[in-house]
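> This is the structure, below, for whatever I ask next.
The values are calculated or read from the model by the stated rules, or taken from the named source; none is laboratory data. In this text the structure is predicted, and so the values were computed from the model without any measurement. Positions of Cβ are backbone-derived with ideal geometry, glycine not excepted, and every protein chain shown enters the neighbour counts. Side chains are part of the model used for accessible areas, which takes the heavy atoms of the whole protein and leaves out ligands, DNA and RNA. Shrake-Rupley method; radii C 1.70, N 1.55, O 1.52, S 1.80 Å.
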Amino acid sequence: MMKKSMISVGLIIAVVLSFSTSVFAAYNFSSQSYYISSGSIEFGHGVIANTGTYRDDLKIDLYRGTTLVATKTITLSPGEWLYPGSTTTPLITLATNQPAGQYRYVLSASGSWNVKAYAENW
């Protein structure tokens with residue numbers, strides 16, 4: 001009886017661990033700091049795609065130094081993508097009327113994303 005219990009517990013642990021990589025998968029990216037002159041700061045000129053299996057939010061946090069300046073959220077369904085900065089999709093405005101300084105952005109989501117875009121100012 002004890003042997004069957006140990007096998008059952010072992011199987012349950014194996015099943016839980018097999019799902020843990022997909023359940024705890026997350027997308028995180030932090031850009032290096034770079035100088036942006038004053039004005040509006042926008043994000044785009046590249047593809048942003050939800051490569052996960054669930055509808056998910058991609059959060060874009062913009063920092064000037066260590067100060068959070070703005071947060072934007074993009075919600076896409078699985079396999080859905082957008083190309084901000086193309087002729088049909090405008091750039092994503094992160095902040096306006098910003099002073100010149102060192103900026104960086106942080107991308108985060110609970111699922112899997114492919115982001116080939118960047119922040120710039122206009």
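> When the accessible area of the stretch 30-108 is split by element with a 1.4 Å probe, what percent falls to carbon and sulfur?
50
> Roll a 1.4 Å probe over the protein heavy atoms and report the accessible area of THR89 in Å², nearest 10.
Looks like 40 Å² after rounding.
> Let me ask something else. In nm, to one decimal, how far is the modelled label at THR96 from the one at LYS59, with both set 7 Å along Cα→Cβ?
Going by the 7 Å Cα→Cβ label model, 2.5 nm.
> Give the accessible area for SER30 in Å² (nearest 10); use a 1.4 Å probe, count only protein heavy atoms, and leave out ligands, DNA and RNA.
Only protein atoms counted, so the area is about 70 Å².
> How long are the semi-axes of the ellipsoid equivalent to the stretch 71-122, from square roots of 5 times the Cα gyration tensor eigenvalues, in whole Å, largest first?
Details: eigenvalues 99, 45, 17 Å².
Semi-axis lengths for the stretch 71-122 are 22, 15, 9 Å.
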